[in-house]
Amino acid sequence: MTNIRPMATSDAPALLDIWNRAARFDTISDDVFHEKAWLDDGVDADLRLVAEVDGSAAAFAVGAVRQKDQGPSGYIKMMAVRPELQRNGLGSDLLSRLEHELRRRGTRVCRPGESAPNYLTPGVDLRYTKATVFFEKRGYEKIGQSYNMEAELENIDLDTTGDEEPLAMTGFRIGRAAESDRSDVMAMLAEHWPSWQDEVGVSLSNDPVSLFVARRDDKVVAFSAYETNNRGTGWFGPMGTAPDARGHGIGSVLLKRCLVDLRDAGYRRAIIPWVAPISFYLHHVGAEVCRVFNRYEKQLDDHSPSD
Ligand SMILES: CC(C)(COP(=O)(O)OP(=O)(O)OC[C@H]1O[C@@H](n2cnc3c(N)ncnc32)[C@H](O)[C@@H]1OP(=O)(O)O)[C@@H](O)C(=O)NCCC(=O)NCCS
């Protein structure tokens, strides 16, 4: 008999085991599982669901709500069914329940993945063939693709001394941020990238601070961060240079300063997730696309048949 109920923290080991067996391209640690399911203000108890079969956890799903300019949006952050119990309707039951809960919270659209600022994947990896078919058959329409890149950190020259000296002569000072930079950094983000404030806030709270900034005339004009998401995986980003400071080579230095930290922390490769400027990362650190994701969206109208 199947029973869907809210998740308890004591479920974590069993659910992590289901996830790591079902989602083989995204195996994660218990810390990352906790970060995704519990350390997210957009996830409440009724959006963390477990499906039990004969009293044992057989599947789970985690949904999230994000407030956007156009209103609240819904996301399926994670969803997995024990491999030997797949294709018995458990995934469909969990999806219907999550869509219902999301609709109750005023969301009119739902996307799998891409639940920034706390997310694991920017869409559905094409290699999850069953998930691709599953979402497409349940009303999710493809709205594009997204990419993760990977930079090898061994045998790469990440020394930025020769680049930083001329930048300093033209008034750009680059260094690790400190707590005292918080208001200036947040002001720059508010102006150019308000949606990155949470992730960059995480980097300022990390020890050591996992954020580098460039200043000109005491104004923060660019930044790069790492370990803002999925701690322990070598996760780079976000990064950005204000439009009037572009073209001086600041981004390259900021990127490399983060990668040096990741290398010093023992990572052999950095993940550069949800990338737009592929050529920038290829050019400066030889990064290559390592994953391709389909992005999907479903309109959650009031009369959805899955309700
Ligand atoms: C996607 C997933 C959650 C679906 O769970 P499920 O319990 O198997 O889902 P259901 O039984 O309700 O539906 C299965 C659907 O998946 C698709 N599917 C799965 N296996 C299939 C197969 N061998 N042939 C054709 N379609 C298949 C179909 O759409 C099928 O529906 P149908 O039976 O009506 O044709 C499950 O496959 C899974 O855990 N995958 C690994 C983790 C993952 O990719 N998660 C998504 C990223 S967040």
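Give me the dipole magnitude in Debye, nearest 20, for region 155-301 about the Cα centre, with unit charges on the beta carbon: positive for Lys and Arg, negative for Asp and Glu.
360
With n ≥ 4 as the cut-off for DSSP H runs, can you work out [θ] at 222 nm for the chain, using -39500 (n - 2.57) per run divided by the number of residues, rounded to the nearest 500?
The helix-only estimate for the chain comes to -9000 deg cm²/dmol at 222 nm.
Just tell me which lysines come within less than 21 Å, Cα to Cα, of K142; anything on the same chain fewer than 8 places away is out.
Within the straight-line cut-off, K142 pairs with K68, K77, K130, K298.
What aspartates and glutamates could a cross-link reach from K256, if we take a straight Cα to Cα line under 17 Å and drop same-chain neighbours fewer than 8 places away?
E150, E152, E154, D157, D159, D163, E164, E165, E227, D264, E288
Among the DSSP beta bridges whose two residues both lie in the chain, what percent are antiparallel, rounded to the nearest 5?
So the antiparallel bridges amount to about 95 percent of the total.
Taking Rh as the Kirkwood radius, which is the inverse of the mean 1/r over Cα pairs, what is the Rg/Rh value for the chain?
Radius of gyration over Kirkwood radius for the chain works out to 1.01.
On a 0 to 90° scale, report how tilted helix 12-22 is relative to the longest principal axis of the chain, with both axes built from alpha carbons and the result rounded to the nearest 10.
Helix 12-22 sits roughly 90 degrees off the main axis of the chain.
Suppose we keep just the DSSP beta bridges with both residues in region 180-307; what percent of those would be antiparallel, to 5?
90
Between V289, Q299, G249, whose Cα lies farthest towards the positive end of the dipole of region 212-307 when Lys and Arg beta carbons carry +1 and Asp and Glu beta carbons carry -1, centred on the Cα centre?
Towards the positive end, the residue furthest out is G249.
Using alpha carbons only, how many degrees (0 to 90, rounded to 10) separate the axis of helix 182-192 from the longest principal axis of the chain?
It is inclined by approximately 70 degrees.
Over region 155-267, what is the relative contact order in percent, taking alpha-carbon pairs closer than 8 angstrom and at least six residues apart?
About 26 percent, as a whole number.
To the nearest 10 degrees, how steep is helix 250-264 against the longest Cα principal axis of the chain, on a 0 to 90 scale?
With rounding to tens, the tilt is 70 degrees.
Coordinate-derived values only; no laboratory data. Small disclaimer: the values here were computed from a predicted structure and weren't measured. Virtual Cβ from ideal backbone geometry, glycine too; neighbours counted across all protein chains shown.
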